[in-house]
Structure formats: structure tokens, C-alpha cells
Amino acid sequence: MNLKRLTFDRILTVLLVIFVVAYLYSPRVKSWVIMGLMMVGFFKPDIPKHSEKPVPAPQMQVQDVNGRVTDLQQLKGKVVFINFWATWCPPCLAELPSINALYQKVKNNPHIVFLTIDIDNNLQKSTQFLQNKGYTFTVYGGNPAQVSDKLYENGIPTTLVIDKKGNIVFNHFNRANYNDDKFEQFISGLSNQ
């Protein structure tokens, strides 16, 4: 039996093939790769310019795991950070640590509210998921089919920021690192207006 000599190139090729297969078939591996890219500076959210015309936020109601209903229209006077996500979505899982970090930085500001919305509306599962990960923000549910396309266009993750006047001033589809000093300044600045 003639064994081929193991070389660095062959080992590297095998490892690369294993990585690619894992990336293609494992949402967890995919989210780890995206998180790694976020940590080195990719996927920073584009902060809107003041000259952009805000769009009034439509009506939306969501509820938490205890059945408490929150109406977006009743949150006028507060800055509202909204994130649509799901536990099976790799880009969503990748950005959740940054959302939690941003939440930790601004949670004591009474003028900022976080609405993280599980589009599957399985609040028991998503609440347990957040607890297992050590995330401290509350998850809400709602029927995405009843949410205006101004807020949610059937793609996740989708993140919006509503200003104190009830206008959409930030709308981002796809992953982003919200644990960014400029984004924190943006959202905190809105709360001071």
C-alpha cells in the first residue's frame, strides 16, 4: 500500500473543503463567519444624512411573550429601534450580539425603545433563544403579513429607526453591526432632539 505523503497543501485543501461544506449547510457556521466579518469592520450601517426626507411610520402593533401589546403610534416622543429577525436566519443571528451591545449602551435612556420582532411569532422559542445567548432585550411578535411594507418588505434582517416625531429615519435590509460608535451617536442624538 502506497500512502501519499501528507503535505501542507493537501491538509489546507481538506480543511478548506470542510469549511465550505460547513458554511453551506450550517446556519451557525454562516453566522459565525458573518460575526467575524462584523468584528473587523464590515457591515457598518449607513447613517442617513439630515437632508433625507423622513417617511411617516405606519401603524403597527406587536406583543411580548406575556401578551402585553405595544402600539407604534403610542411611542411618539420616543426613538424606536425596530429589528425584524428569526432564530433560523444566519445574518440575523450574526447581528444580534451587536444589537444587544447597542441596547446595553442605551437601555437607560428613557427616550429610546427597542422592538425586536420575531417574524415567526414563536415567542416562547425566541425568548428562550435570547435567554440562552444572554441577550437582555425583549422579543415581540406580530404577523408580518399585517405589517406595512414601509416597515417590512419580507426580507430579514430588517432594521428601522423611528424618530420622536414618528418618522422612519433609518431603514436597512440585511446584516449590520449596530455596536458602532457612530450609530450609537446617531440614535442617542435623535433622542436628544
Original post:
For the chain, with only Lys/Arg (+1) and Asp/Glu (-1) charged at the beta-carbon, what is the dipole magnitude about the Cα centre, in debye rounded to 20?
Top reply: 380 debye
Original post:
³J(HN,Hα) across region 84-95 via Karplus (A = 6.51, B = -1.76, C = 1.60, θ = phi - 60°), whole Hz, x for Gly/Pro?
Top reply: 9, 8, 8, 5, 9, 9, x, x, 5, 4, 5, 8
**OP:** Would you mind calculating the gained length between ASP46 and ILE18 on full extension (0.36 nm times residue separation, minus the Cα-Cα distance), in nm to one decimal?
**Re:** 6.6 nm
Original post:
From the backbone phi of region 179-192, what are the Karplus-calculated ³J(HN,Hα) couplings (6.51 cos²θ - 1.76 cosθ + 1.60, θ = phi - 60°) in whole Hz, Gly and Pro given as x?
Top reply: 8, 10, 4, 5, 5, 4, 5, 4, 6, 5, x, 4, 6, 8
**OP:** Answer with one residue from PRO97, GLY67, PHE81: the one whose Cα lies farthest towards the positive end of the charge dipole of region 51-119, charges on Cβ with Lys, Arg +1 and Asp, Glu -1.
**Re:** PHE81
Original post:
What is the extension gain from ASN192 to ASN122, computed as 0.36 nm multiplied by their sequence separation minus the C-alpha to C-alpha distance, in nm to one decimal?
Top reply: 21.7 nm
**OP:** Would you mind checking the pairs LYS78/LYS125; LYS53/LYS165; LYS30/LYS125; LYS30/LYS107 and listing those with alpha carbons more than 18 angstrom apart?
**Re:** LYS78/LYS125; LYS30/LYS125; LYS30/LYS107
Original post:
What is the log10 of I(q)/I(0) for the chain, computed with the Debye formula using one identical point scatterer on each Cα and no solvent, at q = 0.08, 0.10, 0.12, 0.18 Å⁻¹?
Top reply: -0.31, -0.45, -0.61, -1.26
Original post:
Which is the longest stretch in the chain that no exposed loop site breaks, taking sites as chymotrypsin sites (Phe, Trp or Tyr not before Pro) with a DSSP loop state and at most 16 other Cβ atoms within 10 Å?
Top reply: 89-193
**OP:** Please name whichever of PHE129, VAL106, PHE8 sits farthest to the positive end of the charge dipole of the chain, dipole taken about the Cα centre and charges placed at Cβ: Lys and Arg +1, Asp and Glu -1.
**Re:** PHE8
Original post:
Which whole-number percent is the relative contact order of region 55-191 (Cα, under 8 Å, 6+ apart)?
Top reply: 36 percent
Original post:
With r defined as the distance between the Cβ atoms of TYR25 and GLN104 and R0 fixed at 22 Å, what FRET efficiency is calculated, to the nearest 0.05?
Top reply: 0.10
Original post:
Within the chain, what is the longest stretch that has no trypsin sites (Lys or Arg not before Pro) placed in a DSSP loop and near at most 11 other beta-carbon atoms within 10 Å?
Top reply: 69-193
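Bear in mind these aren't lab numbers, they're just calculated from the coordinates by the rules spelled out. Given the structure is predicted, the values throughout are model-derived calculations rather than measurements. Cβ coordinates were reconstructed from backbone atoms using ideal geometry, including for glycine residues, and neighbour counts include every protein chain displayed.
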